[in-house]
Each structure stands twice: as structure tokens, then as C-alpha cells.
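Below is one structure, written out as C-alpha cells; the observations come after it.
Where a number appears in this text, it was derived from the coordinates with a stated rule and is not lab data. Predicted model only: the values in this text are computed from it and were never measured. Ideal geometry is used to build each Cβ from the backbone, glycine not excepted, and the neighbour counts take in all protein chains shown.
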Amino acid sequence: MNAFAIARSAVGMMTRHNDITLVLLVVIVIVLMILPLPTTLIDALIGLNMGLSFIMLMMSMYVRSALDFSVFPTMLLFTTLFRVGLNIATTRLILLQADAGEIIFTFGDFALGGNFVVGAVVFLILTIVQFLVIAKGAERVAEVGARFTLDAMPGKQMSIDADMRAGVIDMEEAQHRRQRVAQESQMYGAMDGAMKFVKGDSIAGMIVALVNIVGGTIIGITQNGMTAGDALHTYGILTIGDGLVSQIPSLLVSISAGILITRTGDSEVNVGSQIGEQIFDQPKALLMAGGM
């Protein structure tokens, strides 16, 4: 059986047993926080974390309405807890073994490019953009969206009742619309709270990076007999790599949340098609912009 067949079989099993998959994810988070794990398993879990964030990003772009991905707040909570567990596990490996697996080392070595200051600046910029621009912006949009959705709920209910009394819709359709209005209110309320986890995750990432570089340098000098330069270089690569493999999925999830909560109303097409249709519907504007 080749790798593709094994992967397809695993995906099929996960699809048939969704509840078991969720329980396993919670168990993995607990294990990450308590038990030391080998670097090969850490590499696999980092890949899983990246994959989940890409899935959430693609889903948010292809759904026709925010309600079609109403489990997003719950997924956001679980993926955030998963990243926190990974942070704890990788920090333990960095401080104890000065080795956190191939993925973290590769990311750190590529980002540094032989210059620790440049790598640190790139990581700092990415973290600031993630925290101040995307996470805080998405949190504010979710807060305003939840408030306006709740305020508009009575009017929507009255409109449904009026349509039913006028014979425009039947009882079954009215019940369906009421459920959709209630789901919309619940989802935006959940998003308002869930976005605070993303912001907290960004802050935790910065603190963990500081602990890794300071604690690692001290351990390298006092316990491993390294010079200050060697300790800073060794633990600097691991710290930057660990920060990147944590912040990139967090960034993707924040972008997913921003795309999802800024969708307006229901649509028969995904967000990419919707943007393309509305932009190319005004050819004069495109011609004038091209001329300028």
C-alpha cells in the first residue's frame, strides 16, 4: 500500500469517526503539556498544526456564508490550545536538549540567514503584524459584528413573522429562517470571545520566545560549557524557528477569522468569485486605474 492510499484510508477513518478525532486532539494537547516527546513526533505535530491552519484558511475562502463554517470558533479554540501545547513541548526540548527537531531548525536557519539580528527583526515584525494588525483588527470586527447582529435580531424575527402572515413563506420556511437567525447570532457571539484566544496566543508566543533565548543562553553558558556567542547562535536559531512555526499558523488562522467575519450576507459563490465579479463589473474603474 503506497503513501497516498494510507493517507486516504486515514482521512476516511477520521471522517467516519469525527468524535474520536476530536477526543484524540484533546489528549494530544494534554500529553504535549505534560510528557517529553521525541523530536520526530514533534515534527509530525508541527506539520499537523500547519495543515490544520491551511485547511481553516481554505475553508473560510470557499464557504458561501459564514454560517456554512459555524464550527470555526470551536476549531479556533482547539487549534489555539494545540499551538500552546506545542509551544510548551518545544520549549522543553530547546532548554533540555538544544534540539527541537528538523522543522524548527530549518525554519530558524533559513530565517536567520547567518545573521541573528536580521532573523530576530523578521520574527519581531511578523509577531507585531500578527498581534496589532490582524488579531486586534479581527477581534474588533467580531465585536462589532456580534453587537450589530444581536441588535438586528428582533427586526429579522419580525420580518419573518410578517412574511409568514402574508403567505410569502410557509411555516417550515419560517422555522428554518428563525433557526438561521439564531445560529448567526450565536456564531458571531462565539467569534467575539474566540478572537481573544488568538490575541492571547500572540502575546504568549512573544513571551515564550523571550524565555527560550534568555533561558537557553544561560543554560548553554553555565551547564553546557558554551561561549556566549555559541550559546546565542545555537539557541537563537531554535528560538526563531520555534517562533515562526508557531506564529505562521496563528497568522493563517487570524486571516481566516478576518475573512469569515467580514463576509456580508449569504452568497451563491465563494469570496474569491464574489470579489472578482464585483471588481470586473466596473470596467471603467479598471481602465482609469490602469491608465493612471
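Cα centroids of the range 121-157 and the range 64-108: 21 Å apart.
Sorting Ser250, Ser185 by the number of Cβ atoms found within 10 Å of their own Cβ, with the fewest placed first, yields Ser185, Ser250. Take the Cα of Ala162, step 7 Å toward its Cβ, do the same at Ile221, and the gap between the two points is 7.3 nm.
Note on Lys156: aspartates and glutamates with a C-alpha under 12 Å away, same-chain residues under 8 apart excluded, are Glu184. Taken along the Cα-to-beta-carbon direction at a fixed 7 Å, the label points for Val133 and Leu25 span 2.8 nm.
To the nearest 10 degrees, how steep is helix 171-222 against the longest Cα principal axis of the chain, on a 0 to 90 scale? Compared with the principal axis, the helix lies near 10 degrees.
Based on alpha-carbon atoms, the Kirkwood radius and the radius of gyration of the range 167-292 give Rg/Rh equal to 1.27. Judged by the ratio a/c of the largest to the smallest principal axis of the C-alpha gyration tensor, the chain counts as prolate, that ratio being 1.5 or greater while a/b is larger than b/c. Computed from Cα positions, the angle between helix 271-280 and the longest principal axis of the chain comes to roughly 70 degrees.
Ranking Gln183, Gly193, Ala111 by how far each Cα lies toward the positive end of the dipole of the range 46-204 (charges on Cβ) leaves Gly193 at the top. Straight-line reach from Lys196: taking Cα to Cα under 26 Å and skipping same-chain neighbours fewer than 8 places apart, the lysines in range are Lys136. I'd like the orientation of helix 18-34 relative to the chain: the angle between its Cα long axis and the longest Cα principal axis, in ° from 0 to 90, rounded to 10. Compared with the principal axis, the helix lies near 30 degrees. Note on Gln97 and Gln278: the extension gain reaches 59.7 nm, defined as 0.36 nm multiplied by sequence separation minus the Cα-Cα distance.
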